[in-house]
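The values are calculated or read from the model by the stated rules, or taken from the named source; none is laboratory data. Because the structure is a prediction, the values reported are computed rather than measured. When we count neighbours, we look across all protein chains shown, and the Cβ atoms used for this are built from the backbone with ideal geometry, even at glycine.
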Protein chains: 2
Amino acid sequence: MQAEIITIGDELLIGQTIDTNSAWMGEQLNAIGMHVHQITSITDHPNHIKTALDEALKRSNLILMTGGLGPTKDDVTKATLTDYFNTKLVLNEEVLEGIEAYFSGRGIPIMEVNKLQAMLPEKCTVLRNLLGTASGMWFDLDGKVVVSMPGVPYEMKGLMSNEVLPRASKHFKTPFIYHRTLLTFGRGESRIAEQIADLEDEMVVQGIKLAYLPAAGRVKLRLSASGTDKIDVMANVDAFFDRVAERLSDIVFGEGKTEMEETLNAVLQANSKTIACAESCTGGTIAALLAKHPGSSTSFLGGVVAYANEVKTAVLGVKESTLAAHGAVSEQTVKEMVMGVIRLTGADYAVSTSGVAGPDGGSEEKPIGTVWIAYGSAEKVFTKQLNLGTNRQRIIAVAGLSALNMLRRAILEGKV
Amino acid sequence: MQAEIITIGDELLIGQTIDTNSAWMGEQLNAIGMHVHQITSITDHPNHIKTALDEALKRSNLILMTGGLGPTKDDVTKATLTDYFNTKLVLNEEVLEGIEAYFSGRGIPIMEVNKLQAMLPEKCTVLRNLLGTASGMWFDLDGKVVVSMPGVPYEMKGLMSNEVLPRASKHFKTPFIYHRTLLTFGRGESRIAEQIADLEDEMVVQGIKLAYLPAAGRVKLRLSASGTDKIDVMANVDAFFDRVAERLSDIVFGEGKTEMEETLNAVLQANSKTIACAESCTGGTIAALLAKHPGSSTSFLGGVVAYANEVKTAVLGVKESTLAAHGAVSEQTVKEMVMGVIRLTGADYAVSTSGVAGPDGGSEEKPIGTVWIAYGSAEKVFTKQLNLGTNRQRIIAVAGLSALNMLRRAILEGKV
């Protein structure tokens with residue numbers, strides 16, 4: 001069963017606001033078996049709203065609209081829908097009481113424009129918004145449905161969860177949709193595709209869709225299928241998921257929406273181990289990742305950002321002779337950085353980085369993108385050299401994730 | 001002159017990926033005088049791409065498409081456009097060389113599917129992608145233009161900046177548009193609006209558009225005007241820009257696209273001074289900002305991420321008695337953290353943070369969002385307490401920027 005999302009507001013088109021609502025709505029609709037066919041962001045103009053609605057109704061059965069329901073003049077969605085569905089505005093006493101309670105509860109005087117928000121199209125089912133003053137509106141049209149909601153994310157989410165999703169599940173008889181996403185790190189999309197070409201062909205035959213979603217250093221593989229027999233669909237996707245995961249086991253780091261640092265945190269916490277980091281070229285990025293998620297202080301002790309060589313020697317205890325003989329971007333330096341930060345913090349494990357992030361500082365021997373990484377424990381330190389291209393932001397990001405991934409694998413493989 | 005954006009990819013429709021590209025593109029198009037009429041996110045199906053393109057071309061002159069250009073089977077944009085524009089794929093030798101250089105530079109073996117990315121539609125102008133293997137494609141169609149770019153944000157941004165925007169400015173005769181953006185930190189949008197209400201009224205009369213662009217802790221104020229007399233438009237905007245900047249001088253930190261850390265770096269470099277940081281709740285975020293930009297090693301020496309109290313005492317020399325008497329989130333602790341990191345690194349200036357980022361760890365006395373910041377030199381350290389709400393990511397981001405801003409102002413005011 002096909003759905004569409006229409007988001008209304010000039011702020012979306014001039015780049016003032018990133019549309020985060022649609023992704024959330026898409027995910028929720030998918031979960032109840034509605035397939036989102038298109039997302040359309042349009043201006044606050046009545047004709048544009050009507051045209052977009054005409055087009056969407058030709059293609060899809062459920063149209064969710066957000067935005068343009070505020071009390072100010074630039075909000076035209078309610079008037080436009082009243083006109084589109086050839087109805088008129090009538091006072092909704094229950095909504096009026098709700099709006100009055102909303103204002104008195106906050107000790108703010110109510111204004112005439114706010115009371116007008118209780119005037120709602122006669123032909124629609126009013127969906128009560130418990131988190132704001134703009135109601136949701138549900139219009140039935142020959143079996144198809146159009147819903148209008150405010151664009152404020154938490155108000156929209158409240159209306160979706162309490163009203164729209166349960167009603168839509170009931171109204172539409174939808175097939176079951178099932179997704180699983182495999183997370184890989186350190187190999188390009190095309191090499192992965194080559195490795196699983198035969199599985200991909202099999203999946204096509206079985207009606208399973210495979211999507212490649214690349215980000216810096218990572219590729220997510222999403223397997224999706226739909227059908228009426230839930231058990232059957234799940235078993236089919238699960239079986240292929242396992243085969244793909246098995247085939248790519250050397251690069252898989254997780255499943256679903258997990259981030260690399262979360263998978264490492266989980267491994268550390270499961271083993272009651274702590275971590276520290278010593279960063280040169282990544283400049284604090286690894287620490288920021290390790291500190292990002294709630295509860296990270298269980299395993300993350302801290303670290304040293306040794307951007308200048310003087311900090312490498314004075315704080316981390318890297319030897320002057322090492323820097324003189326091998327340079328800051330060298331195997332020996334990152335090794336001493338790991339040992340230094342373990343000595344300082346008492347962490348069970350540590351990672352370190354030193355590299356040429358550019359745009360200056362590259363040489364023939366160590367071009368931009370050269371990064372040395374060390375990882376390990378007080379007993380055993382491993383090192384690896386990477387070449388990460390020439391984009392400064394990407395070099396920093398991929399170097400950080402690589403270090404976390406190398407340590408994670410070493411722990412899982414029992415090497416450290 | 002009207003433009004549209006079409007983003008292609010199932011991941012956008014099922015909510016796996018938030019479309020951040022469109023907002024950035026919308027902002028860039030606006031800046032060169034192209035008005036974005038609609039943003040459409042569609043599936044990876046040839047027919048859907050063709051229909052969306054048909055509809056967009058009826059309404060607008062410039063259509064920018066992103067996504068679906070990878071080497072794998074689920075990427076169908078190139079083949080679809082080749083068909084749509086009734087042309088054929090031909091080998092582009094220059095692109096092939098670029099792809100080969102891309103792989104050999106990374107030491108990765110090139111595969112047949114990657115070479116196929118050098119097969120490009122005969123009828124298009126190929127836009128070289130210096131950051132990846134999928135080329136941009138520029139199609140002319142009776143004065144209208146369709147451009148296809150990869151969906152990977154940094155590749156898209158590179159192509160937009162180097163190729164698409166300059167070409168579009170030249171191709172379409174748009175009125176002269178002039179923008180200036182004032183950057184403020186530490187005050188909400190509505191309070192700023194109240195403060196400059198009279199100037200805003202004057203600007204409306206003068207045909208100058210004022211947009212408020214809020215981000216974590218910051219509000220950007222963009223003044224825009226268009227016209228045929230370039231000198232006149234610029235003088236008019238400049239005059240109001242200066243008046244607004246003067247009125248808000250206590251919160252202005254820069255102009256244009258400068259980031260907070262860049263304005264601080266500039267102040268440090270102008271005075272030949274160095275900086276270090278000692279972070280608890282920000283966990284490396286300040287260091288990562290200071291290391292982010294090219295040339296940052298001139299002023300940034302490094303720092304200590306003291307997430308655990310043991311690191312605060314053992315590495316930074318915070319006294320056990322201080323932690324016992326005042327706790328880690330206290331004025332005294334952040335002061336000792338600044339002094340400790342200056343002692344360790346020899347930096348001229350330092351900043352430090354310690355706070356409750358949540359979701360756990362809040363108390364009645366120090367609720368979630370409580371952050372202590374210290375900044376200064378070996379001679380003089382200032383402190384400040386902030387209350388930054390309850391959102392963990394926002395607390396971390398705003399605390400980091402606040403610390404940088406406080407030090408910047410203190411240096412400029414001659415306090416340190």
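Among the residues of the range B:225-235, those that are at pLDDT 90 or above and closer than 18 Å to B:Ala31 by Cβ comprise B:Ala225, B:Val233, B:Met234. Hey, can you tell me all the residues within the range A:331-345 that are over 14 Å from A:Phe382 (Cα atoms) and surrounded by fewer than 19 Cβ atoms within 10 Å (Cβ to Cβ)? Result: A:Arg343, single match.
Take the conditions (1) within 14 Å of chain A (Cβ to nearest Cβ); (2) hydrophobic (A, V, I, L, M, F, W, C); (3) under 23 Å from B:Leu29 (Cα atoms); (4) over 20 Å from the mean Cα position of the chain (by Cα); B:Ala215 misses just one of them, which is (4).
State whether one or more residues within the range A:352-365 are part of a strand (DSSP E or B), among the polar types (S, T, N, Q) and under 20 Å from B:Leu289 (Cβ atoms). Checked the range A:352-365: at least one residue is part of a strand (DSSP E or B), among the polar types (S, T, N, Q) and under 20 Å from B:Leu289 (Cβ atoms). If you go through the range B:253-312 and keep only what is free of Cβ contacts under 8 Å to residues at least 24 places away in the same chain, in contact with a Ser or Thr (Cβ under 9 Å, 6 or more places away or on another chain), outside any helix (DSSP H, G or I) and at the interface with chain A (Cβ under 7 Å from one of its Cβ atoms), you end up with B:Gly284, B:Ala308. The residue that is surrounded by the most Cβ atoms within 10 Å (Cβ to Cβ), among those in the range B:346-366 that are over 18 Å from B:Val416 (Cα atoms) and more than 29 Å from the chain's Cα centre (by Cα), is B:Lys366.
Checked against (1) among the small types (Gly, Ala, Ser); (2) more than 14 Å from chain A (Cβ to nearest Cβ); (3) farther than 23 Å from B:Leu12 by Cβ, B:Gly136 passes all but condition (3). Taking the conditions exactly as written (under 16 Å from A:Glu189 (Cβ atoms), away from chain A (no Cβ under 12 Å) and out of contact with any strand residue (DSSP E or B) (no Cβ under 6 Å at 6 or more places or on another chain)), does B:Lys78 satisfy them or not? So B:Lys78 fits the description; yes.
On the stretch given as the range B:20-35, residues that are within 20 Å of A:Asn47 (Cα to Cα) and at pLDDT 95 or above total 0.
Taking the condition of being among the small types (Gly, Ala, Ser), out of contact with any Ser or Thr (no Cβ under 9 Å at 6 or more places or on another chain) and crowded, with 19+ Cβ neighbours inside 10 Å, how many residues in the range A:155-187 meet it? Walk me through how you get there before you give the answer.
Let us first name the residues in the range A:155-187 that are among the small types (Gly, Ala, Ser), namely A:158, A:161, A:168-169, A:186.
If we keep only those that are out of contact with any Ser or Thr (no Cβ under 9 Å at 6 or more places or on another chain) as well, we get A:158, A:161, A:169.
Add one more test, that the residue is crowded, with 19+ Cβ neighbours inside 10 Å, and what stays is A:158.
The total comes to 1.
Out of curiosity, is A:Asp44 out of contact with any His (no Cβ under 7 Å at 6 or more places or on another chain) and more than 9 Å from every other protein chain (Cβ to nearest Cβ)? Yes. Considering only residues in the range B:11-28 that are buried (at least 24 other Cβ atoms within 10 Å of the Cβ) and in contact (Cβ under 8 Å) with a residue 60 or more places away in the chain, the one that is nearest to the other protein chains (Cβ to nearest Cβ) turns out to be B:Met25.
Just to be sure before I move on: is B:Leu53 of a type in the set (A, V, I, L, M, F, W, C), more than 11 Å from every other protein chain (Cβ to nearest Cβ) and out of contact with any Pro (no Cβ under 9 Å at 6 or more places or on another chain) in the structure I sent? Show your work before the answer.
Values: of a type in the set (A, V, I, L, M, F, W, C): yes; more than 11 Å from every other protein chain (Cβ to nearest Cβ): yes; out of contact with any Pro (no Cβ under 9 Å at 6 or more places or on another chain): yes.
It is true that B:Leu53 is of a type in the set (A, V, I, L, M, F, W, C), more than 11 Å from every other protein chain (Cβ to nearest Cβ) and out of contact with any Pro (no Cβ under 9 Å at 6 or more places or on another chain).
The strands (runs of 3 or more DSSP E) falling completely within the range A:135-235 that include 3 or more residues that are in contact (Cβ under 8 Å) with a residue 60 or more places away in the chain and either assigned by TED's automatic domain parsing to the domain that holds A:Asn391 or in contact with a Gly (Cβ under 8 Å, 6 or more places away or on another chain) (or both) map to A:144-149, A:176-185.
Restricting the range A:14-72 to residues that are of a type in the set (Gly, Ala, Ser) and in a helix (DSSP H, G or I) leaves a set whose member that is farthest from B:Gly15 (Cα to Cα) is A:Ala52.
Tallying residues that are of a type in the set (S, T, N, Q), within 20 Å of A:Ala306 (Cα to Cα) and within 14 Å of chain A (Cβ to nearest Cβ) within the range B:342-388 yields 3.
Would you mind stating whether B:Lys78 is under 20 Å from B:Ile8 (Cα atoms) and either in a helix (DSSP H, G or I) or touching a residue at least 24 places away in the same chain (Cβ under 8 Å) (or both)? Can you show your working first?
Numbers: under 20 Å from B:Ile8 (Cα atoms): yes; either in a helix (DSSP H, G or I) or touching a residue at least 24 places away in the same chain (Cβ under 8 Å) (or both): yes.
It is true that B:Lys78 is under 20 Å from B:Ile8 (Cα atoms) and either in a helix (DSSP H, G or I) or touching a residue at least 24 places away in the same chain (Cβ under 8 Å) (or both).
Looking across the range A:168-195 at every residue that is farther than 18 Å from B:Ala134 by Cα and of a type in the set (Lys, Arg), the one that is modelled with the lowest pLDDT is identified as A:Lys173.
Across the range B:51-71, what is the number of residues that are at pLDDT below 95 and touching a Lys or Arg at 6+ places or on another chain (Cβ under 8 Å)? So the count comes out to 2. Of all the numbered requirements in (1) within 29 Å of the chain's Cα centre (by Cα); (2) away from chain A (no Cβ under 11 Å); (3) of a type outside the set (A, V, I, L, M), B:Gly400 misses one, and that requirement is (2).
Taken together, the criteria exclude A:Lys319 from residues that are surrounded by fewer than 23 Cβ atoms within 10 Å (Cβ to Cβ), at the interface with another protein chain (Cβ under 8 Å from one of its Cβ atoms) and either free of Cβ contacts under 8 Å to residues at least 12 places away in the same chain or charged (D, E, K, R) (or both). Residues of the range B:201-221 that are surrounded by fewer than 17 Cβ atoms within 10 Å (Cβ to Cβ) and at pLDDT 90 or above: B:Asp201, B:Glu202, B:Val204, B:Val205, B:Gln206, B:Gly207.
Take the conditions within 16 Å of the chain's Cα centre (by Cα) and either under 26 Å from A:His35 (Cα atoms) or charged (D, E, K, R) (or both) and apply them to A:Lys230. Does it pass? No; evaluated as a whole, the condition is false for this residue.
Residues to consider are B:Thr390, B:Thr370, B:Thr383; find the one that is among the hydroxyl-bearing types (Ser, Thr, Tyr), buried (at least 21 other Cβ atoms within 10 Å of the Cβ) and in the same structural domain as B:Val304 (by TED's automatic domain parsing). Before you say what the answer is, go through the steps one by one.
Numbers: B:Thr390 fails: buried (at least 21 other Cβ atoms within 10 Å of the Cβ); B:Thr383 fails: buried (at least 21 other Cβ atoms within 10 Å of the Cβ).
Selected residue: B:Thr370, the only one of B:Thr390, B:Thr370, B:Thr383 that is among the hydroxyl-bearing types (Ser, Thr, Tyr), buried (at least 21 other Cβ atoms within 10 Å of the Cβ) and in the same structural domain as B:Val304 (by TED's automatic domain parsing).
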